[in-house]
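Since the structure comes first, as C-alpha cells, the remarks are kept for the end.
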Amino acid sequence: FPYNFTICMKPVVVCGLIVLLLINFRLSGQFPLTQNVTVTEGGTANMTCRVEYNDQTSLQWSNPAQQTLFFGDKKALRDNRIELVRASWAELTISISDISLSDEGQYTCSLFTMPVKTTKAFLTVLGVPERPEITGFTKPAMEGDEITLICTTSGSKPAAHIRWFRNDKEVTGTKEVNATGKSFTVKSTLQLQVDQSDDGVAYTCSVEHVSLSSNPYQVTEVLEVHYAPHVEISHSAIIPQEGQYFKLECVSKGNPLPEPVLWSKDGGELPDVERMIVEGRELTITSLNKTDNGTYRCEASNYLGTSGAEYVLFVYDPNAPGQQDPDHALIGGVVAVVVFITLCLIIALGRYLARHKGTYLTHEAKGSEDAPDADTAIINAEGNHAAEEKKEYFI
C-alpha cells in the first residue's frame with residue numbers, strides 16, 4: 001500500500017514499528033460490518049455490509065443456505081425479489097422484497113481478503129396473524145344454556161396474544177397455542193352460562209401482535225338469548241278520581257318480544273269498550289267512574305311461556321263528605337305522630353329537671369355550714385362577713 005518511507009531515515013527499529021502500526025490500522029478497517037434486520041412478512045428487507053477501508057477487495061452477500069446473492073455488483077442468484085441497492089468498495093447493500101417466513105435466517109457478508117473475513121446478520125421475519133374468527137356459538141341460545149365462544153387466529157410469529165371483552169369490560173379466556181411450521185395458531189375459549197342479561201351483549205375478540213403495532217385485529221359476536229316473558233303494569237295517576245283520564249301500560253320483557261298483550265277485568269272481558277280503549281300495550285279509560293273499580297290484568301306470551309300482572313283500581317270521589325283524599329290523611333297522620341313525640345320529650349325533660357333540683361353553698365357560706373355554733377361560723381367565714389346560705393337550682 002502507498003507509504004512514504006522517508007520516515008525510515010530514523011533508526012531501523014523505530015521505522016519498522018511505525019510500519020507495523022500503520023499496517024495493523026489499515027487491516028483493522030478491513031473487516032465487514034453488518035446489522036441484524038427485522039421485517040414484517042410481505043415487506044422488504046435491506047441488507048447492508050460496510051468496510052471502513054478497502055483496497056479494492058470485493059464484498060459478497062450469501063443467504064442462510066450459503067447461496068451467493070451478489071458478488072460486488074454482480075447478481076449471482078436468479079430471484080426477482082433480490083435487487084442491488086448500492087455497490088462500492090466500501091459498501092454492498094441489497095434488498096429482498098415480498099419477504100416470507102422461509103427467508104428468515106443468518107445471512108453472511110464476506111470480504112475477500114487473505115484470509116477471507118466474514119460477518120453475520122440475522123434476518124427476523126414477523127408472521128402477521130390472520131384476522132380472527134369466532135366459532136362455537138349457534139344463535140339463538142336459551143336462558144340457562146352453557147355456550148362456548150372460540151376465537152382463532154393463524155399465521156402469527158411469534159404467537160399472537162388474544163384478549164376478550166364483554167362490551168367494554170375485559171374477561172379471561174383459556175388460551176391454546178399450536179405450532180404450524182414456522183408460524184403459530186392461537187385459540188382462546190370462553191365458556192358462559194347465559195341469562196336474559198346476556199341478550200344483546202357484544203363479545204369482542206382482540207388479536208394483538210408486534211407486527212400490527214397498535215392496531216389489533218378485532219371481531220365481535222353479539223349474543224341472542226331467548227327467555228320467557230316478564231310483565232309489569234304501570235299507571236298514570238297515583239290517586240284515580242272520578243272524571244279523570246286514566247292509563248294503564250303493560251310493560252313486558254322477553255325474547256322474542258311477547259305479542260300480543262291481552263287485557264281483562266275481574267277475570268272477564270273489558271265491559272265498556274267505548275271508554276276502555278286498548279292500543280298496543282296500553283289500556284286507556286277516558287272518564288273514570290265508580291263502575292270501573294276492579295282488578296285489571298294484562299298477559300303477554302312468547303313460545304317460551306306466559307306472564308301476567310294485575311292492578312287493583314279504586315276510583316275516588318273527591319266530593320264525597322266521608323271520603324278523604326289519601327294524601328291529606330297521610331299528612332294528618334304524620335303531623336299527629338310528630339306532635340305525640342314532641343309531648344313525650346317535654347314530659348321526660350320536666351321529670352329530669354324535677355329530680356335533679358338541689359342547693360349548693362357559696363364560697364362564703366362554706367364555713368357556716370360546717371361550724372358547730374354561731375361564733376365558730378363567724379370566725380371561719382372568709383372576708384369576716386357572716387355567711388349567708390344561698391340556694392340555687394342547676395341542671
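The values are calculated or read from the model by the stated rules, or taken from the named source; none is laboratory data. Owing to the predicted nature of the structure, the values given are computational and were not obtained by experimental measurement. Because the Cβ atoms are built from the backbone with ideal geometry, glycine has one as well, and the counts that use them run over all protein chains shown. Side chains are part of the model used for accessible areas, which takes the heavy atoms of the whole protein and leaves out ligands, DNA and RNA. Shrake-Rupley method; radii C 1.70, N 1.55, O 1.52, S 1.80 Å.
Looking across region 61-82, the residues that are touching a residue at least 12 places away in the same chain (Cβ under 8 Å) and not in a loop (DSSP other than H, G, I, E, B) come down to W61, S62, L69, F70, F71, I82. For the residues K187, K175, K157, K139, the requirement of being open to solvent by less than 40 Å² (accessible area, probe 1.4 Å) and basic (K, R) singles out K157. If I filter region 160-174 for residues that are of a type in the set (S, T, Y) and in a strand (DSSP E or B), do I get at least one hit? The answer is yes, given that some residue of region 160-174 is of a type in the set (S, T, Y) and in a strand (DSSP E or B).
For region 267-298, the set of residues classified as hydrophobic (A, V, I, L, M, F, W, C) and either assigned to a strand (DSSP E or B) or at pLDDT 95 or above (or both) consists of M276, I277, V278, L283, I285, C298, listed by residue number. The combined condition, being out of contact with any helix residue (DSSP H, G or I) (no Cβ under 8 Å at 6 or more places or on another chain), open to solvent by 50 Å² or more (accessible area, probe 1.4 Å), within 30 Å of V278 (Cβ to Cβ) and without any contact (Cβ under 8 Å) to a residue 60 or more places away in the chain, is not fulfilled by S197. The residue that is nearest to L149 (Cα to Cα), among those in region 217-251 that are free of Cβ contacts under 8 Å to residues at least 40 places away in the same chain and open to solvent by less than 50 Å² (accessible area, probe 1.4 Å), is S234. Can you find even one residue in region 206-225 that is within 24 Å of A141 (Cα to Cα) and not in a strand (DSSP E or B)? Yes, region 206-225 contains at least one residue that is within 24 Å of A141 (Cα to Cα) and not in a strand (DSSP E or B). The residue of region 83-117 that is farthest from S211 (Cα to Cα), among those that are part of a strand (DSSP E or B) and open to solvent by 70 Å² or more (accessible area, probe 1.4 Å), is R86. What number goes with the only condition from (1) of a type in the set (K, R); (2) modelled with pLDDT of 95 or more; (3) part of a loop (DSSP other than H, G, I, E, B) that K120 does not pass? It is condition (3) that K120 fails. May I ask you to verify whether T204 is within 16 Å of F165 (Cα to Cα) and surrounded by 13 or more Cβ atoms within 10 Å (Cβ to Cβ)? Yes; evaluated as a whole, the condition is true for this residue. What are the residue pairs meeting all of these: first residue in region 34-49, first residue without any contact (Cβ under 8 Å) to a residue 24 or more places away in the chain, second residue of a type in the set (S, T, Y), Cβ atoms under 6 Å, and 6 or more apart or on different chains? Filtered contacts from region 34-49: no entries.
Which one is farthest from the chain's Cα centre (by Cα), of the residues in region 152-205 that are within 30 Å of G105 (Cβ to Cβ) and of a type in the set (A, V, I, L, M, F, W, C)? Only one residue tops the list, namely A179.
Selection of region 252-266 for residues being out of contact with any Phe, Trp or Tyr (no Cβ under 8 Å at 6 or more places or on another chain), in a strand (DSSP E or B) and either of a type in the set (F, W, Y) or crowded, with 17+ Cβ neighbours inside 10 Å (or both) yields S252, V261.
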